[in-house]
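Following: one structure in structure tokens, then a few remarks.
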Amino acid sequence: MTSTKADVTKTKRLADAVRVLSAEAVEKANSGHPGMPLGVADAAAALWTGHLNFDPTDDKWMGRDRFVLSAGHGSTLLYSLLHLFGFDLSVDDLKNFRQLNSKTPGHPERGETPGVEVTTGPLGQGIANAVGMAIGAKMASARFADNDFDPFGMTIYALSGDGCMMEGISYEAASFAGHLKLDNLVVMYDKNDITIEGASQLTCCENVDKRFESMGWFVLCVDGHDIGAVSDALAEAKKADRPALIICKTHIAYGSPSKQDSADSHGAPLGPEDLKGFKDKLGWPSEQFFVPEDVKEYAADLIAVKKAARKAWDDKLEIWKKADPARAGAYNNFAKGILPEGAFEKLLENAPDKAGATRAHSGAILQVAAEICPYLIGGSADLAPSNKSEIKGSDYVGPGKFAGRNFHFGVREHAMAGVANGLAAFGGWRPYVATFLVFSDYMRASIRLSALMKLPVIYIFTHDSFHVGEDGPTHQPIEHIESLRNIPGLRVLRPADAVETAAAYYYGLTQGGPTVIICSRQKLQPIKRDRPYHKAAQLSGGQVLVEGLDEVATLVATGSEVQLALEAAAILKEQDINVRVVSLLNRKRFLTRAEQDRHRLIPYGQPVCTIEAGVNDGWAALTGRRGLRIGLDRFGASAPASELAKFFGFTPEMIAAKVKAWLVQLDKLGRLSTGLN
């Protein structure tokens, strides 16, 4: 749509309706952020009425433009727009803003509200997500578009604020977007110069426009309350040959009699008197959550136009599919995330049967996974040679080059994870990202959002313990595995050999939600199994590797410590002490199984010793009060890995000695069901 004077008048009325609905929702909840919705309503309305393509009856339509509210605290702005434009969000839903089990939570949540693309609130994340979506669209276009039709020729829009621009992730992501020349990305910056503590100039005096220009962005500055100017800027931005930033200068709480340009409106209701004065200035009726008929009619007209555009797109898609059935099949598989039968078996069959670091096994299995899943894409934060995270035989994504499957993310761990979330949220892609485990700290906010949104991102973390060696405690993860396990909905897997690494990849390729695969730097021997590894081991979370008569205890280990447990068990056996050994690939999965399933791995009442080169927190759920936890509750040290293993007590002989001393003590107390010989 082109902006006309009549459109501007009607759009202004619609923007005022957004303001009133937003302010009233916050007022009713007695909680929220009204200032931002009131200030940016004009600019947002210009986008939604004249530029944004969507179908309110199908918020999963692949051909839609994407709208990301990076400044998620202004959620009522988005909810009001969704309501006015016919999404499945009623007036009652607006009235239930921030209430338990409502469709209008305090910050937008993917999966909770129709039309919400990603979960936002932690500032800057939405910008990184939008960058990921823009890359996802470009990569899909490179695979599917032809001269007649591009199913992925959409534009990705993000609406950000001053706080987003201050967060470091936005700089990382914007730098990456500028490098890639993402001409399908438009970020609107609501520059009201206010944060919670007051004027943004208290802490930030940089020229954001110059910063973005230096990163290769096309930058426009407009009056954010001039709907025509904003609409013209959007049209110009879409013609740019690079990502665009539209700086919309606005007034926070625009139109509020006493709160305009005040930090007081950032995170608190306007108050009854100010809300009444605001509505009176607009000539709005006193009735709560009132939408004028002319606004409803205008919105209905716009919805009809957008549905007609959707219908035209569908018609083109069908012609495009019929022209090339094979391509149509690939498109359908991409859209639905379909994998071929036998993926689990193929991954295990191709697991290397030799000694090696699990990071090396991961690199080999990644090639098989990439063959199975053509939409597996990813890269590393400047550590691909160490992470073994390159898909061989495929190009790298770069400026104007989107047919490849590999990324050079640069030293941008946080943005890398945020971009991966955007790729996954776009649909079709199975993104993976890689770095050293210790640097997962830089990514934690994005990893948490992966879990919150249930996005199928695969995180490959290598160099997983003090065995990193000479680089010392700054590079030796200690608390990281346990810290990641504490994130609800995050699948944390620490494979002990190539077979378990292959199983971990199967998790990542097939399960909903994010998967973390944690790999060793040091070489490990392949595990000799008496029984094949099959899906039942995955379902239970682990596998019994050693069992027999007269077991007195169970040794539970993960990753590189499984080999230690096996060697320690062999030493104990020579001393006539029989122990069971369990490799626990997925502790969280094991702990959520039914009691009888858990007892198949760890017999009821049998004493348990856990072995993991990290903090002991979390293992008490398996060991109980009488169990033994062998871990590391201190930071590492700088020395060769073999010396550190002796220093920290992680050799087979030292593990066996600790276990024996523990069992002797239990035997003296009469707490072993089978006594020691």
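The values are calculated or read from the model by the stated rules, or taken from the named source; none is laboratory data. It should be emphasised that the depicted structure is a prediction, and the values quoted were computed from it without experimental measurement. Note that we place each Cβ from the backbone using ideal geometry, even for glycine, and neighbour counts take in every protein chain shown. We work out accessible area using only protein heavy atoms, side chains counted, and drop any ligands, DNA or RNA first. Shrake-Rupley method; radii C 1.70, N 1.55, O 1.52, S 1.80 Å.
Could you work out how far the C-alpha centroid of the range 96-118 sits from that of the range 619-677, in angstrom?
Spelled out, the Cα-based centre of one part sits 47 Å from the other.
With the Cα gyration tensor of the range 569-677 in hand, give its eigenvalues times 5 under a square root as the equivalent ellipsoid semi-axes, listed largest first in whole angstrom. Working shown, then result.
Numbers: eigenvalues 116, 79, 30 Å².
Square roots of five times the eigenvalues give 24, 20, 12 Å.
How do the peptides 333-341, 569-577 rank, highest first, by the average count of neighbouring beta carbon atoms within 10 Å per residue? Mind showing how you got there, number by number?
On the way: 333-341: 13.4, 569-577: 15.3.
Ranking, from highest mean packing down: 569-577, 333-341.
Whole-Hz Karplus ³J(HN,Hα) for the range 108-123, in order, using 6.51 cos²θ - 1.76 cosθ + 1.60 and θ = phi - 60°, x for Gly and Pro?
Whole-Hz 3J(HN,Hα) from phi for the range 108-123: x, 10, 4, x, 9, 10, x, x, 8, 7, 9, 7, 10, x, x, 5.
Quick one: divide the alpha-carbon radius of gyration of the range 424-485 by 2.2 N^0.38 Å and tell me what you get.
1.24
Just to confirm my numbers, what's the Cα centroid distance between the range 5-45 and the range 528-563 in Å?
Cα centres, the range 5-45 to the range 528-563: 59 Å.
In terms of the Cα gyration tensor, with a ≥ b ≥ c the square roots of its eigenvalues, is the range 90-180 rounded because a/c is under 1.5, prolate because a/b exceeds b/c, or oblate?
Numbers: a/c = 3.48, a/b = 1.44, b/c = 2.41.
Because a/c hits 1.5 or more and a/b fails to exceed b/c, the range 90-180 counts as oblate.
Can you run phi through the Karplus equation (6.51, -1.76, 1.60; θ = phi - 60°) for the range 494-501 and list ³J(HN,Hα) in whole Hz, with x for Gly and Pro?
The phi angles translate into 10, x, 9, 7, 5, 4, 5, 5 Hz.
I need the trypsin sites (Lys or Arg not before Pro) found in the range 44-94, filtered to DSSP loop residues with at most 10 other beta carbons within 10 Å of theirs. Mind showing how you got there, number by number?
Numbers: sites: K60, R64, R66; in loops: K60, R64.
In loop regions of the range 44-94 (DSSP not H, G, I, E or B), the sparsely surrounded trypsin sites (Lys or Arg not before Pro) are K60.
Kindly give the semi-axes, whole Å and largest first, of the ellipsoid equivalent to the range 318-383, taking each as the square root of 5 times a Cα gyration tensor eigenvalue. It would help to have the intermediate numbers written out before the result.
Values: eigenvalues 199, 47, 11 Å².
So the three semi-axes of the range 318-383 are 32, 15, 7 Å.
Going down the table (K346/K535; K191/K401; K12/K210), which pairs top 24 Å between alpha carbons?
Numbers: K346/K535 13 Å; K191/K401 33 Å; K12/K210 31 Å.
Among K346/K535; K191/K401; K12/K210, the Cα-Cα distance tops 24 Å for K191/K401; K12/K210.
Lysines near K573 by alpha-carbon distance under 24 Å, same-chain residues fewer than 8 away left out - which ones?
K528, K646, K658, K660, K668
Quick one: length gained pulling A637 to E349 fully straight, 0.36 nm per residue minus the C-alpha distance?
Details: separation 288, 0.36 × 288 = 103.68 nm, distance 3.84 nm.
Additional length available on full extension: 99.8 nm.
Assuming a ≥ b ≥ c are the square roots of the Cα gyration tensor eigenvalues, decide whether the range 415-562 counts as rounded (a/c under 1.5), prolate (otherwise, with a/b larger than b/c) or oblate.
Values: a/c = 2.15, a/b = 1.39, b/c = 1.55.
Verdict is oblate for the range 415-562.
If r is the Cβ-Cβ distance from D441 to A330 and R0 is 45 Å, what FRET efficiency results, to the nearest 0.05? Walk me through the intermediate numbers first.
Working: r = 39 Å, r/R0 = 0.86.
The pair D441/A330 has a calculated efficiency of 0.70.
What GluC sites (Glu not before Pro) does the range 151-208 have in DSSP loop regions with at most 14 other beta carbons within 10 Å? It would help to have the intermediate numbers written out before the result.
Numbers: sites: E167, E172, E197, E206; in loops: E167, E197, E206.
Qualifying residues, ordered by number: E197, E206.
Once phi is turned into θ = phi - 60°, what whole-Hz ³J(HN,Hα) does the Karplus curve with 6.51, -1.76 and 1.60 give for every residue of the range 302-319, x standing for Gly and Pro?
Each residue of the range 302-319 in turn: 5, 4, 4, 5, 5, 5, 5, 5, 4, 4, 4, 5, 4, 4, 5, 4, 5, 4 Hz.
Net charge near D395, counting Lys/Arg +1 and Asp/Glu -1 over other residues with Cβ under 14 Å of its Cβ? Numbers along the way, then the final one.
Working: positive: K138, R143, K392, K401, R405; negative: E390.
Residues close to D395 contribute a combined charge of +4.
For the chain, report the accessible area per residue in Å² (1.4 Å probe, heavy atoms, rounded to an integer). Kindly include the intermediate steps, with their values, before the conclusion.
On the way: 26280 Å² over 677 residues.
The answer is 39 Å² per residue.
For the range 416-455, give the percent of accessible area contributed by carbon and sulfur heavy atoms, probe 1.4 Å, rounded to a whole number. Working shown, then result.
Details: 500 of 970 Å².
The nonpolar share, carbon plus sulfur, comes to 52 percent.
Okay, helix-only estimate at 222 nm for the chain: each DSSP H run of n ≥ 4 adds -39500 (n - 2.57), divide by all residues, round to 500 deg cm²/dmol; what do you get? Numbers along the way, then the final one.
Numbers: 26 runs with 302 residues, N = 677.
Taken over the chain, the calculation gives -13500 deg cm²/dmol.
Average projected area of the Cα convex hull of the range 4-136, in nm²?
7.9 nm²
As an exercise, find the ratio Rg/Rh for the chain from alpha-carbon atoms, using the Kirkwood inverse-distance average for Rh. Intermediate results must be reported in sequence, preceding the final value.
On the way: Rg = 28.1 Å, Rh = 27.0 Å.
Rg/Rh for the chain comes to 1.04.
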